[in-house]
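The values are calculated or read from the model by the stated rules, or taken from the named source; none is laboratory data. Predicted model, so just to flag it, every value in this text is computed and none were measured. Glycine also receives a Cβ, built like all others from the backbone with ideal geometry; neighbour counts cover every protein chain displayed.
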Amino acid sequence: CTKQQGRQGYTVFNHQLRINQADQLALESELRRALEVDDQLQPYFQPFIDARSGELVGFESLVRWLHPVRGLISPALFLPVAEESGLITRVDRYMINAACRQLRQWLDENRVSRDIALHINLSSANFHDPELVSWMRGIIEAYQLPAAILHLEITESALIDVPEIAATVMHALHELGVKLALDDFGTGYSALSYLHRYRFDVLKIDQSFVFDVDRKEESAAIVRAILALAQALGLDVVAEGVETAAQLSRLQEMGCAKLQGYYFSAPMLAHAIDWERLARFVQEFRRAA
Ligand code: C2E
Ligand code: MG
Ligand code: MG
Ligand code: MG
């Protein structure tokens, strides 16, 4: 088991399920059923906070599978099955729809402002789906959302797989007004060339650099370089995986604009979000300043 999975608390499921072929087939048919009948797939939401003001500026939606027998299954475990079986595009559409429906409700309840960002992860398989863009337009219209609220998070590996189609689809998504974020920035092989080839709006600094940004000069140097690059290119930045006050203040000193991580909140079901706690970061940051 990897350290990262251990930190996220899914070690047990990994041991149980990793993964013989019979299990793989079982999971695949169970996932198919989950997409068709039940509310087994659930969007969890994790906030981002503005590093200066402490205000809530966005949420990322993250899929969880509440399996009737196996319990809560992490995406690290079932997304590979979804990818291999071709179900991943259906998972992603399910999540986009569910997250947008939730956002509509928060807007109606005045929980969030219309400047909020909703980040949704998009697998590379979607780039082969000729209906994706018109389907997205339908979702935006159905929920009456400002398109610029929606940010699709794409990883570098998604771009390695399908560079040409990706460029076309990303362009069409931009025409709709949707924003694009490059996820896990810094972990791929040719991150810089992607910035050159594709137009992104946001960089998400991978949590592996945030992890020891306050203790290791190499990590701090990488984060500083990413921030300088983002500023030069006019991109917004979110640092992922902020867990401690020391990481937080280091990233604030460095001028990182937005912060996401367990320090603020783990990903939560919508009804479990502690809005009052989120609101308190504004005072907390003011006191610290
Ligand atoms: P990601 O998009 O890079 O998401 C960040 C991961 O870091 C999430 O893991 C999140 O729960 C975790 N995380 C957040 N804050 C912290 C922190 O402070 N410390 C640490 N150690 N971890 C933190 P999660 O939810 O297990 O998701 C794993 C990956 O699965 C995501 O990485 C994303 O690539 C993928 N994924 C999740 N939901 C979806 C989805 O609906 N569609 C697709 N295609 N991929 C998804
Ligand atoms: Mg992401
Ligand atoms: Mg990420
Ligand atoms: Mg990641």
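If the condition is being among the acidic types (Asp, Glu), more than 16 Å from ligand 2 (Cβ to nearest atom) and either over 28 Å from Ser113 (Cα atoms) or touching a residue at least 12 places away in the same chain (Cβ under 8 Å) (or both), then region 139-174 contributes Asp161, Glu164.
With respect to Ala167, is the statement that it is modelled with pLDDT of 95 or more, away from ligand 4 (no atom under 15 Å from the Cβ) and in a helix (DSSP H, G or I) true?
No; evaluated as a whole, the condition is false for this residue.
Taking the criterion of being closer than 22 Å to Ala228 by Cα and either in contact with a strand residue (DSSP E or B) (Cβ under 7 Å, 6 or more places away or on another chain) or assigned to a helix (DSSP H, G or I) (or both), the residues of region 254-278 that qualify are Met254, Cys256, Ala257, Lys258, Leu259, Gln260.
Okay, residues lined up against (1) more than 14 Å from the chain's Cα centre (by Cα); (2) part of a helix (DSSP H, G or I); (3) at pLDDT 95 or above; (4) within 13 Å of ligand 1 (Cβ to nearest atom):
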{"position": "Tyr94", "(1), (2), (3), (4)": "yes, yes, yes, yes"}
{"position": "Ala99", "(1), (2), (3), (4)": "no, yes, yes, yes"}
{"position": "Leu103", "(1), (2), (3), (4)": "yes, yes, yes, no"}
{"position": "Asn110", "(1), (2), (3), (4)": "yes, no, yes, no"}
{"position": "Leu118", "(1), (2), (3), (4)": "no, no, yes, yes"}
{"position": "Asn126", "(1), (2), (3), (4)": "yes, yes, no, yes"}
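The single condition among (1) more than 16 Å from ligand 4 (Cβ to nearest atom); (2) without any contact (Cβ under 8 Å) to a residue 40 or more places away in the chain; (3) more than 16 Å from Glu253 (Cα to Cα) that Ala228 does not satisfy is (3).
Considering region 157-202, and only residues there that are over 26 Å from Ile222 (Cα atoms) and among the acidic types (Asp, Glu), the residue that is farthest from ligand 1 (Cβ to nearest atom) turns out to be Glu175. Select from region 164-185 the residues that are among the acidic types (Asp, Glu) and either closer than 30 Å to Asn110 by Cα or exposed (fewer than 15 other Cβ atoms within 10 Å of the Cβ) (or both) and write down the one among them that is nearest to ligand 3 (Cβ to nearest atom). Going through the qualifying residues, I end up with Asp183.
Quick check: anything in region 87-103 farther than 22 Å from Leu35 by Cα, in contact (Cβ under 8 Å) with a residue 24 or more places away in the chain and basic (Lys, Arg)? No, region 87-103 contains no residue that is farther than 22 Å from Leu35 by Cα, in contact (Cβ under 8 Å) with a residue 24 or more places away in the chain and basic (Lys, Arg). Of the residues making up region 140-163, those that are of a type in the set (Asp, Glu) and either surrounded by fewer than 19 Cβ atoms within 10 Å (Cβ to Cβ) or out of contact with any Lys or Arg (no Cβ under 8 Å at 6 or more places or on another chain) (or both) are Glu141, Glu156, Asp161.
Could you run through region 231-253 and say how many residues are within 16 Å of ligand 3 (Cβ to nearest atom), assigned to a helix (DSSP H, G or I) and free of Cβ contacts under 8 Å to residues at least 60 places away in the same chain?
1
Considering only residues in region 128-139 that are among the charged types (D, E, K, R) and part of a loop (DSSP other than H, G, I, E, B), the one that is surrounded by the fewest Cβ atoms within 10 Å (Cβ to Cβ) turns out to be Glu131.
Only strands (runs of 3 or more DSSP E) whose full extent lies in region 1-83 are considered here, and the ones with at least 3 residues that are within 28 Å of His271 (Cβ to Cβ), modelled with pLDDT of 95 or more and hydrophobic (A, V, I, L, M, F, W, C) are 41-50, 56-67.
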